[in-house]
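J.: Have a look at the structure that comes next, please.
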Amino acid sequence: MKVAFGHMGTLTPIMEMILEDLGHESITPHRPTRKTLTLGAKYAPEFACIPFKIVLGTYLECLERGADTLASGGGYGPCRAGLYGELHGRILRDLGYDFDFIFFWPPLKKPVHFVRQMKKLKGRHSWRYLFKTIKKAYSKLAVLDDLEMTAQSIRPREITHGSTSRAFDQAYALIGKAKTDAEIRELGEEARAIINKVPYDESIQPLKVGIIGEIYVQLEPFANFFLEEQLGHMGVEVRRSIYLTSYTRHDVLSTKGDMGSVKLAMPYLAQKVGGHGQNSVGDIIRYSKMGYDGVVQLAPFSCIPEIVAKSLVPNLSAEYGIPVLTLFIDEQTGAAGVQTRLEAFVDLMEQRRSSRGRQNSTTRAG
């Protein structure tokens, strides 16, 4: 099979490795561009969210490159993402494309369906071989998550503007070549060394911002206007509420989600609303308790779970004393507008930090 899939951050080299290990040809998607989004928006329903449109555009690009099978997964519950595989398939077939679609529901939600789909993907390989392949992929994913977090810490402290991003691109390309467990360990160490060699000023104490919200716009840099890099270059250290390893543990291999965030959200939002809406509420509280300077909520325009969470933001922000910037994103959103809002948000956090410093100085003097 010639298998394609949606592009989502650092998941791409993981999917490529799994497919190749299982004997398929990976039609690896290119990083999304404005052309990808425009193509998807042309054929998507008007009020579909931006992840739907980007992924649809990616599928169209990959089918034109020769893909005969598409692989995807989706949530199960109030969020519309569970319907996206079916809708993508109908749109593409109406456009005249002939292909197979392998769609995965969460394994603990629909285990029988999940096993059936896995049988298609694993082909003649044993279940034992498939398990080893997935375990190896998770190890590679853990390295990529670690590289991202290291880059997020160094970027606001870097001596030379842009050096962290260049180092991360080199490290990402290097670990992308790893095909065996030994190579993942060896190249992983080399990749870490590349990022750790970036000169930075340890004395700098940057603002800290938590990134929360819907998974796709958190993890796909194109979808969020490369927000992590923008904030890093403004002197802000970021941490996302979702990394692919944590998502695997809390959402793919569990039916409960991140219980730490869910527990914090319960007094304010006691039921699941789909997607990561409930988690977003709890994550605002969690980042406040961790002493962060602010939170950025990322959401596709028309995303119901995040709209529900957003309705609670003013009260949460006031009660827990942490500013929250919400960015709803669609194909009409402009990069300049996002940058302007981020700059204003950073100014606000810097003023709050300075104000707290003056108050503390006055208290000590008194």
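The values are calculated or read from the model by the stated rules, or taken from the named source; none is laboratory data. These numbers come from a predicted model, not from an experiment. Positions of Cβ are generated from backbone atoms using ideal geometry, with glycine treated the same way; all protein chains shown enter the neighbour counts.
J.: What tally of residues in segment 66-84 results from selecting those that are in contact (Cβ under 8 Å) with a residue 40 or more places away in the chain and part of a loop (DSSP other than H, G, I, E, B)?
T.: 7
J.: Moving to a separate point now. If a residue has to be over 25 Å from residue 227 (Cα atoms) and either over 20 Å from the mean Cα position of the chain (by Cα) or acidic (Asp, Glu) (or both) to count, how many in segment 108-158 make the cut?
T.: The number of residues fulfilling the criteria is 28.
J.: Follow-up. Would you confirm, using the coordinates I've provided, whether residue 305 is at pLDDT below 95 and either within 29 Å of residue 269 (Cβ to Cβ) or in contact with a Pro (Cβ under 7 Å, 6 or more places away or on another chain) (or both)?
T.: yes
J.: Within the group 192, 239, 185, which residue is assigned by TED's automatic domain parsing to the domain that holds residue 287 and not hydroxyl-bearing (Ser, Thr, Tyr)?
T.: Among 192, 239, 185, only 239 is assigned by TED's automatic domain parsing to the domain that holds residue 287 and not hydroxyl-bearing (Ser, Thr, Tyr).
J.: Just checking, does segment 292-301 include any residue being of a type in the set (Val, Ile, Thr) and either out of contact with any strand residue (DSSP E or B) (no Cβ under 6 Å at 6 or more places or on another chain) or farther than 30 Å from residue 54 by Cα (or both)?
T.: No, the conditions are met nowhere in segment 292-301.
J.: To continue, here is another question. Determine, yes or no, whether residue 267 is in the same structural domain as residue 215 (by TED's automatic domain parsing), surrounded by fewer than 16 Cβ atoms within 10 Å (Cβ to Cβ) and not in a helix (DSSP H, G or I).
T.: yes
J.: If you go through segment 14-49 one residue at a time, how many are in contact (Cβ under 8 Å) with a residue 60 or more places away in the chain, part of a helix (DSSP H, G or I) and within 15 Å of residue 87 (Cβ to Cβ)?
T.: Residues that pass the stated criteria total 1.
J.: Right, another one. Which fully enclosed helices (runs of 4 or more DSSP H) of segment 96-182 have 2 or more residues being β-branched (Val, Ile, Thr) and surrounded by 14 or more Cβ atoms within 10 Å (Cβ to Cβ)?
T.: So the answer is 127-154, 163-176.
J.: State all residues of segment 287-335 that are under 24 Å from residue 350 (Cβ atoms), assigned to a helix (DSSP H, G or I) and touching a helix residue (DSSP H, G or I) at 6+ places or on another chain (Cβ under 6 Å); if no residue qualifies, say none.
T.: Listed by number, the residues that qualify are 288, 316, 320.
J.: Let me ask something else about it. Evaluate segment 28-43: report whether one residue or more is surrounded by 21 or more Cβ atoms within 10 Å (Cβ to Cβ) and closer than 28 Å to residue 184 by Cα.
T.: Yes, the conditions are met somewhere in segment 28-43.
J.: Go over the candidates 130, 121, 108, 141 one by one and state the one that is assigned by TED's automatic domain parsing to the domain that holds residue 83, touching a residue at least 40 places away in the same chain (Cβ under 8 Å) and under 12 Å from residue 18 (Cα atoms).
T.: 121
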